[in-house]
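Each remark here refers to the structure printed beneath this line.
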2 protein chains.
Amino acid sequence: MAPPDNAPRTGALEAGGTKCICAVGGDPDEMRRPENRLELPSDAGPQVLVPRIVDWFAAQHAREPLHAIGIASFGPLDLDPASAHYGYITATPKPGWRNTDWLGPFRHAFPGMPAAIDTDVNGAALGEYLWGAAQGLSDFVYITIGTGIGGGAMVGGRLCHGLLHPEMGHMRIPRIAGDTFPGICPFHGDCWEGLCSGPAIHARTGLHAEELAADHPAWHTLVHYTAAALGNIVCTLSPQRIIVGGSVRKAGALGEAEFFARLHEAMRESLNGYIAASAILESTDRYVVAPALGDDAGVCGAMGLAQRRLGDVV
Amino acid sequence: MAPPDNAPRTGALEAGGTKCICAVGGDPDEMRRPENRLELPSDAGPQVLVPRIVDWFAAQHAREPLHAIGIASFGPLDLDPASAHYGYITATPKPGWRNTDWLGPFRHAFPGMPAAIDTDVNGAALGEYLWGAAQGLSDFVYITIGTGIGGGAMVGGRLCHGLLHPEMGHMRIPRIAGDTFPGICPFHGDCWEGLCSGPAIHARTGLHAEELAADHPAWHTLVHYTAAALGNIVCTLSPQRIIVGGSVRKAGALGEAEFFARLHEAMRESLNGYIAASAILESTDRYVVAPALGDDAGVCGAMGLAQRRLGDVV
């Protein structure tokens, strides 16, 4: 399942809500070298970014050939290979990004080169499976809590797609009594993303998550709602582990370790003994974890998508 | 994927919260003949039922040999083949059934005969996949709303197990404003099962679902909560179809067709355009459906589990 020692050099793009990370290489260490990476803010929009990104990969390809391209992008994406819009971002509320073709410009610039695309969170899940906190597991979930909330899942050893792909951030969860914050999701108001994404925290408190004091009540709200959502994921998918990435889990002055400790406690309370596996109730600290690849899970996973397209991994 | 014309004769047991259905045969038609079936109320408890059930299969086996046994049971189940309690019902709140060994008595009575066990809802999912409303799909969910609420899932062509198995009925969903019914789940109070199972409807109204008048407000409550829960399943698993079985969906005086029509409408409202697949928004009536096998999905699925163990199907 691990890539071979001389893994082929591939191009990897993680397109996130905040930034796009481009990288080339054959393994996570190689991709982390500054000369092998480019980061660009997503707010510049696709008309500016897509050509810049493709040009950068073309320059890397000229320097030393790439053998495949992998893209892990925020969504919703059209992942139906039979569709005319396969490889497009579709109905995103993110300004300027609706109906953005990711795969087409790469296919045009690199004719004949294998190219793969999946959601950013499925990509991050694959990265953690190959090189991180999900090695050896067949069933797990990767959650990001950042500009948006999303989840990728591996089920029975395969990345879950289904009809489209999961949109776990749009799950509905019970409100805390007395919490009147309406939520910010343009579709649902107070779904998980509408209550707990970075922009939702900002709308609620006037502060970014990293600016909140350690004793700010918003931490309780965030932890409580997130525990309820993760509990619903446990009930629905029965994962062997849940990895929580994205910027919000770093939790500023509260700190990542304390954020996870509170999340573990809230999940035990929420599940209340019914899901009887000791893995959850007695070892919650190993059940809900931060990504071992840190903020590089997604771009590493994009590399995994590319390598998998070449038949080298998974 | 379909069984061969001369499918092997197998024994199939569906152990549900209300009754246990035993059957023998090679296809759904054969299993439906009265001489090939036995139904027993689950309230008799395992000390009475398990020997009676095993004896009945032994008599069938003596009449004409069985080649495998399949069991689809209510849970939670221990489905870890490496566990000392593999094939047991574990922490069920159902009186008398805790720590019931299903697989052991069959292995003792039929030494060497292949035997398979899975949840009742995974069994029903497999039945609908082989002979019913999920033929040709790779990703779908089977929900039962009856004595309890549970869900089975096929993801990427495989039945989902994960750490244990899903327990979809214990999902938490937002309360309707002003609904003060506390719910009846002994673990969580107002989880989906605590609000919408048959016993929950009885606790709320004093009536069984089949006794409710067509204009009883409990129908709105049931439809609203169930739509929210199914919406969460769409967000988490992105199924190609959801099959809703169990006794409650028959909906007494309201009628099954009207129950599903209201459920479709409530799901469209709940998803509110975000999950953009036309399969859901434009064809909800084909997206959320009743089981094609009716109340025999589970026992047919148990037969599918047995046949699969023999390598004949899936």
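For B:I176, all conditions in the list (1) among the hydrophobic types (A, V, I, L, M, F, W, C); (2) surrounded by fewer than 20 Cβ atoms within 10 Å (Cβ to Cβ); (3) touching a residue at least 60 places away in the same chain (Cβ under 8 Å) hold save one; what is the number of the exception?
So the condition that B:I176 fails would be (3).
Which ones in region A:30-64 are touching a residue at least 40 places away in the same chain (Cβ under 8 Å), among the aliphatic types (A, V, I, L, M) and buried (at least 18 other Cβ atoms within 10 Å of the Cβ)?
A:M31, A:V50, A:I53, A:V54
All but one of (1) within 14 Å of another protein chain (Cβ to nearest Cβ); (2) closer than 23 Å to A:L310 by Cβ hold for A:A109; which doesn't?
(1)
Quick check on region B:158-202: of everything there that is touching a Ser or Thr at 6+ places or on another chain (Cβ under 8 Å) and of a type in the set (D, E), which residue is farthest from the other protein chains (Cβ to nearest Cβ)?
Ranking the candidates gives B:D179 first.
Looking only at region A:83-99, decide whether some residue is touching a Phe, Trp or Tyr at 6+ places or on another chain (Cβ under 9 Å), part of a helix (DSSP H, G or I) and in contact (Cβ under 8 Å) with a residue 24 or more places away in the chain.
No: zero hits.
Give the residues of region A:219-241 that are more than 14 Å from chain B (Cβ to nearest Cβ) and either buried (at least 24 other Cβ atoms within 10 Å of the Cβ) or farther than 29 Å from B:G169 by Cα (or both), sorted by residue number.
Hit for region A:219-241 is A:L222, nothing else.
Determine, yes or no, whether A:D80 is modelled with pLDDT under 95 and in a loop (DSSP other than H, G, I, E, B).
Yes: the conditions hold for A:D80.
Taking region A:277-311 as the region of interest, how many residues are touching a strand residue (DSSP E or B) at 6+ places or on another chain (Cβ under 9 Å), in a loop (DSSP other than H, G, I, E, B) and at pLDDT below 95?
1
Could you go through region B:114-134 and let me know if any residue there is within 14 Å of chain A (Cβ to nearest Cβ), farther than 30 Å from B:P186 by Cα and over 13 Å from the mean Cα position of the chain (by Cα).
Yes, region B:114-134 has at least one match.
From the list B:E265, B:E269, pick out the single residue that is part of a helix (DSSP H, G or I) and either under 28 Å from A:H85 (Cα atoms) or modelled with pLDDT of 95 or more (or both).
B:E269
From the list A:G246, A:G198, A:G252, which one is touching a residue at least 24 places away in the same chain (Cβ under 8 Å), farther than 28 Å from B:G231 by Cβ and crowded, with 19+ Cβ neighbours inside 10 Å?
Unique residue meeting the criteria: A:G252.
If you scan region B:9-20, which residues turn out to be closer than 11 Å to B:M303 by Cβ and under 14 Å from the mean Cα position of the chain (by Cα)?
B:L13, B:E14
Return the residues of region A:65-110 that are surrounded by fewer than 19 Cβ atoms within 10 Å (Cβ to Cβ) and among the charged types (D, E, K, R); say none if nothing qualifies.
Those that are surrounded by fewer than 19 Cβ atoms within 10 Å (Cβ to Cβ) and among the charged types (D, E, K, R): A:D80, A:K94, A:R98, A:D101, A:R107.
Which residue out of B:L130, B:L126, B:L137 is outside any loop (DSSP other than H, G, I, E, B), at pLDDT 95 or above and in contact with a Lys or Arg (Cβ under 8 Å, 6 or more places away or on another chain)?
That would be B:L126, the only listed residue that is outside any loop (DSSP other than H, G, I, E, B), at pLDDT 95 or above and in contact with a Lys or Arg (Cβ under 8 Å, 6 or more places away or on another chain).
Here is a check on your reading of the model: is B:D27 among the charged types (D, E, K, R), more than 27 Å from B:P166 (Cα to Cα) and buried (at least 16 other Cβ atoms within 10 Å of the Cβ)?
Numbers: among the charged types (D, E, K, R): yes; more than 27 Å from B:P166 (Cα to Cα): yes; buried (at least 16 other Cβ atoms within 10 Å of the Cβ): yes.
The answer is yes for B:D27.
Look at region A:13-36 and say how many of its residues are of a type outside the set (S, T, N, Q), over 25 Å from A:S197 (Cβ atoms) and in contact with a helix residue (DSSP H, G or I) (Cβ under 7 Å, 6 or more places away or on another chain).
Of the residues in that region, 7 qualify.
For region A:142-157, give me the residue count where each residue is among the β-branched types (V, I, T) and at the interface with another protein chain (Cβ under 9 Å from one of its Cβ atoms).
Of the residues in region A:142-157, 1 are among the β-branched types (V, I, T) and at the interface with another protein chain (Cβ under 9 Å from one of its Cβ atoms).
The values are calculated or read from the model by the stated rules, or taken from the named source; none is laboratory data. The structure presented is a predicted model; accordingly, all values stated were derived computationally and were not measured. Backbone-built Cβ (ideal geometry, glycine too); neighbour counts: all protein chains shown.
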